[in-house]
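K.L.:
Pasting in a structure now, in structure tokens, and then I'll have a few things to ask.
Quick note: the coordinates plus some simple rules give every number you see, no bench work behind them. All values derive from a computational prediction rather than experimental measurement. With ideal geometry, Cβ positions are generated from the backbone for all residues, glycine too; neighbour counts draw on all protein chains shown.
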Amino acid sequence: MATERLPGYCALCISRCGCVGTVQDGVLTRIDPDPLHPTGRALCIKAKAAPEAVYHPERILHPLRRTRPKGSDDPGWERIPWDEALDLIAGKVRATFSQHGATGLVFGVATPSGTAVADSFAWIHRLAHACKSPNLVFATENCNWHKDFAPAYTFGAGIGMPDYAHTGCILLWGFNPATSWLSQATAVREAQKRGAKLIVVDPRRAGLAASADLWLRPRPGSDGALAMGIANILLENGQFDREFVMRWSDAPFLISDETGQPLSAADLKEGGDPARFVAWDLATGQAAACPRLPPNIGEGKLLALEGSYAVMTIHGPVACRPVFEHLAGRCQAWPQQRVSETTGIPADQIKQAAHLISGNLPLSFFTWTGTCQHTNATQTGRAIAALYALTGCLDAPGGNVWFTKPPVADVADFETVTPEERALTLGLDSRPHGPPQKGWVTSRDLFRAIVEGQPYPVSCFISFGSNFLLSKPSTRLAEEALQQLDFFALAELHETPTARHADLLLPVCTAWEREGLQAGFQVSAAAEAHVQLRAAFVPPRGESRSDTWIVFELAKRLGLTDQFFEGDPDKALEHVLAPAGITAGRLRAERRGVALPLETRYRKYRQSGFATPSGRIEFHSERLRAAGNDPLPDFIASAVPHSLDFPLTLTTAKWPQYCHSQQRNQASLRRLMPDPLVEVHPETATNRGIDNGDWVEITTATGRMRARARFEKNLAPEVVCAQYGWWQFADGSGDANRLIDGEYFDPVAGSNSLRYFPCEVSLSPAKAD
């Protein structure tokens, strides 16, 4: 028996864990961790179940065309050749262009954080941009937007990555790496062994919360109040980096009491520079224009952070106060007792959190879906960012750092989109500072365009993965839109509930059957410098192909070969790698990857400032204010109304066995969790006549579902935590998302209230079927 042990990495989620696959006589038999890889210390059970995924009997292995009307119980799938399938798509695209123009075509893509579509993510965007489609359905608003893009309104960039090797205190906020980013969990444990403190903010005592120095249990959706309250304690005690805040942020900029806008040099004199903002110089007792780029003032000099000032402008005297004064006022509105009443966290724990942070600097933090899946996600993110900025740890050793990335070419082609094309993106008019600015649209806005033709008709939808009927909340017009859509092509592994609405299914191979490039593994400077070309462990089954192959074949048929390197994926790969000075041949020969000689510099802002309009950390965002949003961080309650009929709060979380709506058809994983679960406090259950293990019914104003009760004494009595993503039960059991009304969302980003919704729980009259 021929046995090979082949190094690679798991592409199933953002962790990209290094692994070794065992192949016997051409069959993948097991996956193990690769401790020689920067992210290979551990593997989750989903990766270890890879052979089941590859050889699953229900995989789509051939192109399939619908032969029966939409809405039929059986789509009547008919196997057709690849050439016929690709020609069909190209013909539908051309017909759409002829009838509606490029706006009639919409693309879709699954999350690269929780699926293996990351291998092709940039190429899918390139195809959409080459087709001049202004819209790509991508659930970023409920995933990475609030860690990778929204923080730019404060920091000028995403939150970066904790410098775990040097940090003194780690703050994990709405983020459980044990289930969603295993290589980060490994890094946290190593930091703890070194002596770093750990604070976990999570409604559930899950994952690393059990070993944390402090676990804070907020009510779902109250995180912003906690951030403001901790910041208030730091400010009251003077436990913030005053020098950093004064010199490198907009904190000293003077804001007009009347207009709420910052004063600039143009207000002080005719012809003054409007990009030079005004602060109060404590040495001279006068208003002075700061430089265009930071630092705001030289070392040893002081600008006012507190107080009220009358500044003589060309229009007369103006009463104004520094940004910092406004921020401090917002924080002062959140004393410990009010924070405790709002969050449910004891006041002494809030104080303890502030002391752990201030006494164990440098601080690093990470936040993800636990804080972003709420109607107040943008303001919560702003509050957490402001709290972090006060510590002065951003991009400092042991803080959150932007590690140097491998200099590979970005082929997504965002830069080719004209302002006129981007202006057509669905949702941009109402959410100009959210995902639509990148062309990323919600399924809600897509369905409205399909059914109502507003703001224009959409007739053709091509999606690479994405089981949005389960991964999104209950969305108005969903069924009607999928019925009415003229053509829907979906590249998938399995016939999901969403796939049953398609006109054409394209068979995608698993990540274990195709090549994939990862330029940077994120969790440390060394990991980020690592470049690896993951080889196929085994050949693709049936006629399944990679998403990248599908993109290139479509590009050929649409006359886009010039934009796709003459239709040659190998030429395209060499183009991507060229700036890094490495070749595909070298990476194929060195299967474990190549470590580039990259150096991460700390405090890069000292050379170039921050990538905000002012070049500073911005506590006050003029971009948000100009769009009618609050320019300062604050806590705002969820937009979802309370109801006496639904006294409990429904939240959701990920479990190790499954990711989103995937893997529940794999036998080894299903044995570990055969039924959907809902965690409930024993007291809450007993009061409703529910025993541990009973089938229960969770009800909201939107819908109902069944699940098995699991007692969890560490959960707040008023909170229940259910699962989403199950589609193995005819009655919809196990999909909490269908209980959430998609009409409640964050006004800036469009994020849905997936982690907070009023509900009730009762004993189910029957078992789920």
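K.L.:
With point charges of +1 on the Cβ of Lys and Arg and -1 on the Cβ of Asp and Glu, referenced to the Cα centre of segment 582-671, which listed residue (ALA637, ILE582, SER608) lies farthest in the positive direction of the dipole?
P.N.:
About the Cα centre, the residue reaching furthest to the positive side is ILE582.
K.L.:
Cut-off 18 Å, label point 7 angstrom out along Cα-to-Cβ of ASP731: give me the residues of segment 677-699 whose amide nitrogen falls inside.
P.N.:
Backbone N within reach: 677-679, 689-699.
K.L.:
Among the listed pairs LYS92/LYS132; LYS197/LYS351; LYS438/LYS604; LYS147/LYS405; LYS197/LYS604; LYS193/LYS351, which are separated by more than 20 Å between their Cα atoms? Present the calculation step by step, with values, prior to reporting the outcome.
P.N.:
Numbers: LYS92/LYS132 15 Å; LYS197/LYS351 15 Å; LYS438/LYS604 26 Å; LYS147/LYS405 17 Å; LYS197/LYS604 26 Å; LYS193/LYS351 25 Å.
The pairs that break the limit, which is 20 Å between Cα atoms, are LYS438/LYS604; LYS197/LYS604; LYS193/LYS351.
K.L.:
Moving on. At q = 0.13, 0.15, 0.19 Å⁻¹, what log₁₀ I(q)/I(0) does a Debye calculation on the Cα points of segment 276-413 give, no solvent, two decimals?
P.N.:
-0.88, -1.06, -1.28
K.L.:
Let me ask something else. As a test of the formula, what do you get for the chain when each DSSP H run with n ≥ 4 contributes -39,500 (n - 2.57) and the sum is divided by the residue count, at 222 nm and rounded to the nearest 500 deg cm²/dmol? Mind dumping the intermediate values first?
P.N.:
On the way: 27 runs with 208 residues, N = 769.
Rounded to the nearest 500, it is -7000 deg cm²/dmol.
K.L.:
Can I ask one more? With a/c under 1.5 counting as rounded, go ahead and sort segment 152-207 into rounded, prolate or oblate using the C-alpha gyration tensor (a ≥ b ≥ c being the square roots of the eigenvalues; past the cut-off, prolate if a/b is larger than b/c, else oblate).
P.N.:
Details: a/c = 1.73, a/b = 1.21, b/c = 1.42.
The shape class here is oblate.
K.L.:
Continuing with the same structure: Using a basic spin-label model with each label point 7 Å from the Cα along Cα→Cβ, how many nm lie between GLU341 and ASP148?
P.N.:
4.1 nm
K.L.:
Considering only DSSP beta bridges with both partners in the chain, what is the antiparallel share in %, to the nearest 5?
P.N.:
60 percent
K.L.:
Then there is this: For LYS604 and GLU270, what is the calculated FRET efficiency with R₀ set at 45 Å and r taken between the beta-carbons, to the nearest 0.05?
P.N.:
Calculated value: 0.80.
K.L.:
Could I ask something else about it? Can you tell me how much longer the chain between GLN437 and SER762 gets when fully stretched, taken as 0.36 nm per residue apart minus their C-alpha distance, in nm with one decimal? Walk me through the intermediate numbers first.
P.N.:
On the way: separation 325, 0.36 × 325 = 117.00 nm, distance 4.31 nm.
Roughly 112.7 nm would be gained on extension.
K.L.:
Related question: With point charges of +1 on the Cβ of Lys and Arg and -1 on the Cβ of Asp and Glu, referenced to the Cα centre of segment 411-563, which listed residue (PHE414, HIS530, ALA449) lies farthest in the positive direction of the dipole?
P.N.:
In segment 411-563, that residue is HIS530.
K.L.:
Follow-up. Hey, got the Cα dimensions of segment 97-144 along the principal axes, in Å, largest first?
P.N.:
So the extents along the principal axes, rounded to whole Å, are 36, 21, 11.
K.L.:
Treating only the Cβ atoms of Lys and Arg (+1) and Asp and Glu (-1) as charged, compute the dipole magnitude of the chain about its Cα centre; round to the nearest 20 debye. The partial results should precede the final answer.
P.N.:
Working: 76 positive and 83 negative charges, 287 e Å.
It comes to approximately 1380 debye.
K.L.:
Quote the Stokes-Einstein diffusion coefficient, in whole µm² s⁻¹, for segment 1-157, based on the Kirkwood radius over alpha carbon pairs, a temperature of 25 °C and a viscosity of 0.890 mPa s. Provide the component values of the computation, followed by the final result.
P.N.:
Working: Rh = 19.4 Å.
In µm²/s, the coefficient rounds to 127.
K.L.:
For an R0 of 45 angstrom, estimate the FRET efficiency from the Cβ-Cβ distance between LYS193 and LYS132 and round to the nearest 0.05. Numbers along the way, then the final one.
P.N.:
Numbers: r = 53 Å, r/R0 = 1.17.
Efficiency at R0 = 45 Å is approximately 0.30.
K.L.:
Right, something else. How do 224-236, 530-542 rank on mean C-beta neighbours within 10 Å, highest first?
P.N.:
Values: 224-236: 25.0, 530-542: 20.0.
Highest mean packing first, the order is 224-236, 530-542.
K.L.:
Taking N as the number of residues in segment 484-607, what value does Rg over Cα atoms divided by 2.2 N^0.38 Å take? Could you put the intermediate results ahead of the total?
P.N.:
On the way: Rg = 18.5 Å, N = 124, 2.2 N^0.38 = 13.7 Å.
Relative to the 2.2 N^0.38 Å estimate, segment 484-607 comes out at 1.35.
K.L.:
Between LYS70 and GLN332, how many nm apart are label points set 7 Å from Cα along the C-beta direction?
P.N.:
According to this spin-label approximation, the distance is 5.8 nm.
K.L.:
Between segment 665-690 and segment 406-467, what is the separation of their alpha carbon centroids in Å?
P.N.:
That distance is 38 Å.
K.L.:
List the residues, sorted by chain then number, that are 5 or more residues from GLN522 or on another chain and whose placed amide H is less than 5 Å from its amide H.
P.N.:
For GLN522, whose amide H was placed from the backbone, the distant partners under 5 Å are GLU528.
K.L.:
Determine the gain in length on full extension of the stretch ALA578-ALA319; use 0.36 nm per residue of separation and subtract their C-alpha separation, reporting nm with one decimal. Intermediate values should be presented prior to the final figure.
P.N.:
Numbers: separation 259, 0.36 × 259 = 93.24 nm, distance 5.59 nm.
Fully extending the segment from ALA578 to ALA319 adds 87.7 nm.
K.L.:
If you don't mind, there's one more thing I want to ask. Expressed in nm to one decimal, what extension gain is obtained for the pair ASN692 and TRP655 from 0.36 nm per residue of sequence separation less their Cα-Cα distance?
P.N.:
Working: separation 37, 0.36 × 37 = 13.32 nm, distance 1.85 nm.
Working it through step by step, the gained length comes to 11.5 nm.
K.L.:
May I ask which residue of VAL311, PRO674, PHE155 lies farthest towards the positive end of the charge dipole of the chain, with charges of +1 (Lys, Arg) and -1 (Asp, Glu) on Cβ and the Cα centre as origin?
P.N.:
PRO674
K.L.:
Debye calculation, C-alpha points only, no solvent: report log10 I(q)/I(0) for the chain at q = 0.06, 0.09, 0.11 Å⁻¹, in the same order as the q values.
P.N.:
-0.38, -0.87, -1.31
K.L.:
Something else: Using only Cα positions of segment 307-364, each an equal point scatterer, no hydration layer, compute I(q)/I(0) via Debye at q = 0.13, 0.17 Å⁻¹ and quote the log10 values to two decimals.
P.N.:
-0.56, -0.73
K.L.:
Between ARG242 and ARG94, what's the calculated FRET efficiency when r is the beta-carbon distance and R0 is 60 Å? Round to 0.05. Intermediate values should be presented prior to the final figure.
P.N.:
Values: r = 62 Å, r/R0 = 1.04.
Efficiency computed from Cβ-Cβ geometry: 0.45.
K.L.:
Could you grab the relative contact order for the chain? Cα pairs under 8 Å, six or more apart, rounded to a whole percent.
P.N.:
Details: 1761 pairs, mean separation 143.0, N = 769.
The value is 19 percent.
K.L.:
From the C-alpha coordinates alone, can you work out the Kirkwood hydrodynamic radius of segment 545-604, in Å?
P.N.:
Details: mean 1/r = 0.0728 Å⁻¹.
Hydrodynamic radius (Kirkwood, Cα pairs) of segment 545-604 is 13.7 Å.
K.L.:
Would you mind calculating the relative contact order of segment 148-246 from Cα pairs under 8 angstrom and at least 6 residues apart, reporting the percent as a whole number? Spell out each step's value before the answer.
P.N.:
On the way: 99 pairs, mean separation 18.6, N = 99.
After rounding, I find 19 percent.
K.L.:
I've got another one for you. If you place +1 on the Cβ of every Lys and Arg, -1 on the Cβ of every Asp and Glu, and leave all else neutral, what size is the dipole of segment 496-598 about its Cα centre, to the nearest 20 Debye?
P.N.:
On the way: 12 positive and 13 negative charges, 65 e Å.
With Lys and Arg at +1 and Asp and Glu at -1, about 320 debye.
K.L.:
From a point 7 Å beyond the Cα of ALA701 in the direction of its Cβ, which residues of segment 737-760 have a backbone N at a distance under 19 Å?
P.N.:
737-747, 751-760
K.L.:
Also, quick follow-up: What is the spin-label model distance, in nm, from SER308 to GLN483 if the labels are put 7 Å beyond Cα along the C-beta direction?
P.N.:
A separation of 6.2 nm, rounded to one decimal place.
K.L.:
Taking H as built 1.01 Å from N, whose amide H comes closer than 5 Å to the amide H of PHE365, not counting residues under 5 places away?
P.N.:
Answer set, sorted by chain and number: LEU171, ASN400.
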